[in-house]
Amino acid sequence: MVGRQQIPARIRWAVDFMDPQPADHVLEIGCGSGAAAELICSRLETGKLFAIDRSESGVDRTKRRNEAAIKAGRLTVRQIDLATLRVPVKRLHKVFAFNVNLFWVRDCADEIALLHERVVPGGAVYLFFEATRPEQVPDIVTQTSAALTQGGFRVSVVDTKVPPVVGIIGRR
């Protein structure tokens, strides 16, 4: 990977766990550096990734890092907030987010309802958080699980110590 940016172990672990399939339609919330988008797009063939971020710099970094996937039609990147999102893909197989605090720090019923409406039956929302501050993990798990459950998802929790990641998965 000469000249390529490294992909953090936590992102690698989370994407491996989510296991994007070649035909999946995926929404990434908070694309940041574009590392997850790079990994997800490398697994897509007929599927597509729609990546969003509220920050202009996150969108710019993701676009630069994943120029080939955009040109190939596998990736669309937009600067937008989840609350105002109108996903061009009506049916999503998977939704991915890493360290997106929205799901545990404030009421996110509208955003969860939007995801529930867009995720196909059998699909899932994968919300991962870096667990480097163990004292926060119980709150993250409790709040995020409650939001997903209230939104109609069946919730399960996964975690790993290396890298330190907790994931809250909401299945439709």
Name the one entry in R106, R171, R154, R86 that is among the basic types (K, R) and under 15 Å from the mean Cα position of the chain (by Cα). R171
For A9, indicate whether it is open to solvent by 20 Å² or more (accessible area, probe 1.4 Å), among the hydrophobic types (A, V, I, L, M, F, W, C) and free of Cβ contacts under 8 Å to residues at least 12 places away in the same chain. no
Quick one: would you say V2 is at pLDDT below 95, out of contact with any His (no Cβ under 8 Å at 6 or more places or on another chain) and not polar (S, T, N, Q)? yes
Please verify whether E56 is among the acidic types (D, E) and within 24 Å of T149 (Cβ to Cβ), treating the condition exactly as stated. no
Those strands (runs of 3 or more DSSP E) lying entirely in segment 35-117 with at least 2 residues among the aromatic types (F, W, Y) and surrounded by 13 or more Cβ atoms within 10 Å (Cβ to Cβ): 92-98
Pull out all pairs, ordered by first then second residue, where Cβ-Cβ is under 6 Å, the residues are six or more apart or on different chains, the first lies in segment 149-167 and is within 11 Å of V137 (Cα to Cα), and the second is at pLDDT below 95 and exposed (fewer than 15 other Cβ atoms within 10 Å of the Cβ). P164/T132; V166/D159
Within segment 118-144, residues being under 18 Å from K94 (Cβ atoms) and not in a strand (DSSP E or B) number 2
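The values are calculated or read from the model by the stated rules, or taken from the named source; none is laboratory data. On a predicted model such as this, the values are computed, not experimentally measured, just so you know. Glycine gets a Cβ as well: all are built from the backbone with ideal geometry, and neighbour counts include every protein chain shown. Heads up: the accessible areas ignore ligands, DNA and RNA and are worked out on the full protein's heavy atoms, side chains in. Shrake-Rupley method; radii C 1.70, N 1.55, O 1.52, S 1.80 Å.
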